[in-house]
Amino acid sequence: LGYSSVELLILLKFFLCSAFPCSAESPLSSGVTMLSFMGPETPTVGAMEVITSETYDSGDIGEEIEIHGILQLSDLRLLGDILVGNSMRGSNIMWKNWWIRGILTLTMISLFFLIIYMGSFMLMLLVLGIQVKCFHEIITIGYRVYHSYDLPWFRTLSWYFLLCVNYFFYGETVADYFATFVQREEQLQFLIRYHRFISFALYLAGFCMFVLSLVKKHYRLQFYMFAWTHVTLLITVTQSHLVIQNLFEGMIWFLVPISSVICNDITAYLFGFFFGRTPLIKLSPKKTWEGFIGGFFSTVIFGFIAAYVLSKYQYFVCPVEYRSDVNSFVTECEPSELFQLQSYSLPPFLKAVLRWETVSLYPFQIHSIALSTFASLIGPFGGFFASGFKRAFKIKDFANTIPGHGGIMDRFDCQYLMATFVHVYITSFIRGPNPSKVLQQLLVLQPEQQLNIYKTLKMHLTEKGILQPTLKA
């Protein structure tokens with residue numbers, strides 16, 4: 001630990017006196033701490049009185065020592081020297097971690113920008129890769145418990161269920177957004193037509209394998225791990241599927257929420273590192289109110305500015321579509337009203353301060369405030385949930401994939417919660433009928449069905465006066 005024998009004796013006496021009141025006349029002699037315990041009313045000559053429940057911060061993050069009873073002044077001076085040295089070492093470690101985290105954060109952000117430049121398909125592969133890695137980290141924690149009982153098939157079945165669930169969700173995505181491509185391939189038509197039945201059959205096979213793997217005297221543990229796998233699938237696969245669904249609505253619905261969570265993570269860490277004094281939650285001792293509040297205001301401002309910048313470009317605002325004629329994803333469209341500048345009248349008190357009558361904003365900027373608010377106020381609870389999970393299993397991080405950051409799951413614990421909110425927000429307040437998606441569904445129908453729809457649509461438009469009725473000869 002880096003302490004001398006004398007320092008260790010002083011620390012021993014200090015901790016014993018923390019638990020029991022000690023006599024002031026119990027000196028350090030011959031390298032041995034002689035302690036005589038006394039009642040609270042025993043006279044204390046030549047000693048310093050320490051107020052009960054006073055806390056002394058040792059400098060280590062999250063570690064505080066409660067001082068009780070009576071200690072000699074010389075002991076306290078020696079103890080102070082020991083703890084100050086320990087504090088210096090802790091301070092150096094904190095700054096070292098700060099530089100490691102900072103450099104790797106900038107590296108990850110740079111790689112993220114590169115993937116954005118490479119297009120939507122690469123972003124989807126990135127989401128899939130992160131999903132698989134997060135699943136691996138959580139399942140590995142369970143396997144460490146499960147492996148000690150030498151029970152079969154846990155990891156095999158876990159990865160099999162991951163494959164089944166991904167097959168189901170990505171098959172649904174292909175059916176929704178790649179209908180014209182599927183129409184040209186007969187083999188894919190069969191898979192899409194019976195997609196849900198095939199997915200269910202695959203899951204049933206895994207279910208039966210689990211039942212056959214049950215071992216006497218370990219039934220309860222095996223069912224625990226079965227539930228572990230399914231909850232992990234719910235957290236990782238379902239949420240990553242929603243991320244991809246958000247991406248198809250337009251890259252801006254992917255970038256602004258994700259970058260808001262990243263901004264909140266960085267700014268909350270910086271505010272907490274430099275100004276943090278007040279602990280926020282016991283589950284995560286390093287989190288402070290100063291960091292939480294500073295992260296909130298920084299994230300709202302960042303989200304508002306990022307929404308303004310990204311709303312200018314079709315590449316970010318247009319829905320991601322697959323065009324069969326060019327055999328690739330395209331992001332070309334006429335931007336919706338959500339991404340067109342609108343004039344808004346300012347409230348009276350802002351008019352008096354800014355001396356402006358109106359302000360031009362993209363409507364999406366207003367929505368970005370809601371997204372940023374969720375990212376900074378509710379999003380961190382995903383991190384708190386992960387902290388509670390790690391404390392339950394007495395681990396510091398999910399893995400050691402990223403030096404200074406822990407595992408992939410440690411970096412994306414808030415993103416999954418954010419993805420669900422964005423999907424619900426889009427379906428509740430934004431999304432309307434998608435003409436391109438409707439057209440793709442019409443193209444896969446039989447000719448007779450298409451003709452019936454054409455006649456019904458023509459009759460409807462004629463009744464509304466949009467089309468002129470045809471004159472019969």
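DSSP loop chymotrypsin sites (Phe, Trp or Tyr not before Pro) in region 266-308 with at most 10 other Cβ atoms within 10 Å of their Cβ, which ones? Don't skip to the answer; put the middle values down first.
Values: sites: Tyr269, Phe271, Phe273, Phe274, Phe275, Trp289, Phe292, Phe296, Phe297, Phe302, Phe304, Tyr308; in loops: none.
Listed in order of number, the matching sites amount to none.
Starting from the Cα gyration tensor of region 215-367, multiply each eigenvalue by 5, take the square root, and state the resulting semi-axes largest first in whole Å. Can you show the working numbers first?
Working: eigenvalues 290, 180, 28 Å².
The equivalent ellipsoid of region 215-367 has semi-axes of 38, 30, 12 Å.
Quick one: length gained pulling Leu457 to Met122 fully straight, 0.36 nm per residue minus the C-alpha distance? Walk me through the numbers on the way to the answer.
Details: separation 335, 0.36 × 335 = 120.60 nm, distance 3.87 nm.
Taking Leu457 through Met122 to full extension adds about 116.7 nm, to one decimal.
For a paramagnetic label modelled at 7 Å from the Cα of Tyr167 toward its Cβ, which residues of region 201-245 fall within the zone defined by backbone nitrogen distances under 13 Å?
It comes to 201-207, nothing else.
Pull out the extension gain between Ile301 and Phe349, defined as 0.36 nm times the separation in residues minus the alpha carbon to alpha carbon distance; nm, one decimal. Please report the intermediate quantities before stating the final value.
Details: separation 48, 0.36 × 48 = 17.28 nm, distance 2.03 nm.
Roughly 15.2 nm would be gained on extension.
For the pairs Lys216/Lys396; Lys287/Lys312; Lys437/Lys464, note any where the Cα-Cα span goes beyond 29 Å. Don't skip to the answer; put the middle values down first.
On the way: Lys216/Lys396 34 Å; Lys287/Lys312 36 Å; Lys437/Lys464 24 Å.
In this structure, Lys216/Lys396; Lys287/Lys312 lie more than 29 Å apart at Cα.
Per residue, how much accessible surface does region 321-473 expose to a 1.4 Å probe? Answer in Å², no decimals.
Numbers: 10000 Å² over 153 residues.
Result: 65 Å² of accessible area for each residue.
What is region 317-414's relative contact order, in percent, from Cα pairs under 8 angstrom and six or more apart in sequence? Each step should come with its number before you reach the end.
Numbers: 86 pairs, mean separation 15.5, N = 98.
Relative contact order of region 317-414: 16 percent.
Rounded if a/c is under 1.5, else prolate if a/b is larger than b/c, else oblate: which is region 334-448, with a ≥ b ≥ c the root eigenvalues of its Cα gyration tensor? Working shown, then result.
Working: a/c = 3.33, a/b = 1.24, b/c = 2.69.
In terms of gyration-tensor shape, oblate.
Once R0 is set to 45 Å, what does the formula 1/(1 + (r/R0)^6) return for the Cβ-Cβ distance between Ile293 and Thr358, expressed as a FRET efficiency to the nearest 0.05? Could you put the intermediate results ahead of the total?
Working: r = 31 Å, r/R0 = 0.69.
Plugging the Cβ-Cβ distance into 1/(1 + (r/R0)^6) gives 0.90.
Give me the net charge of Thr456's neighbourhood, meaning all other residues with Cβ under 14 Å from the Cβ of Thr456; Lys, Arg count +1, Asp, Glu -1. All intermediate terms of the calculation are to be shown ahead of the outcome.
Values: positive: Lys455, Lys458, Lys464; negative: Glu448, Glu463.
Local net charge: +1.
Which net charge results when you count Lys and Arg as +1 and Asp and Glu as -1 among the other residues whose beta-carbon is under 13 Å from that of Phe364?
Numbers: positive: Lys312; negative: Glu249, Glu337.
With Lys, Arg at +1 and Asp, Glu at -1, the net is -1.
The values are calculated or read from the model by the stated rules, or taken from the named source; none is laboratory data. Remember, it's a predicted structure, so these values are computed and weren't measured experimentally. FYI the Cβ positions are ideal-geometry reconstructions off the backbone, even for glycines, and counts take in every protein chain you see. Surface accessibility is based on the protein's heavy atoms, side chains included, excluding ligands, DNA and RNA. Shrake-Rupley method; radii C 1.70, N 1.55, O 1.52, S 1.80 Å.
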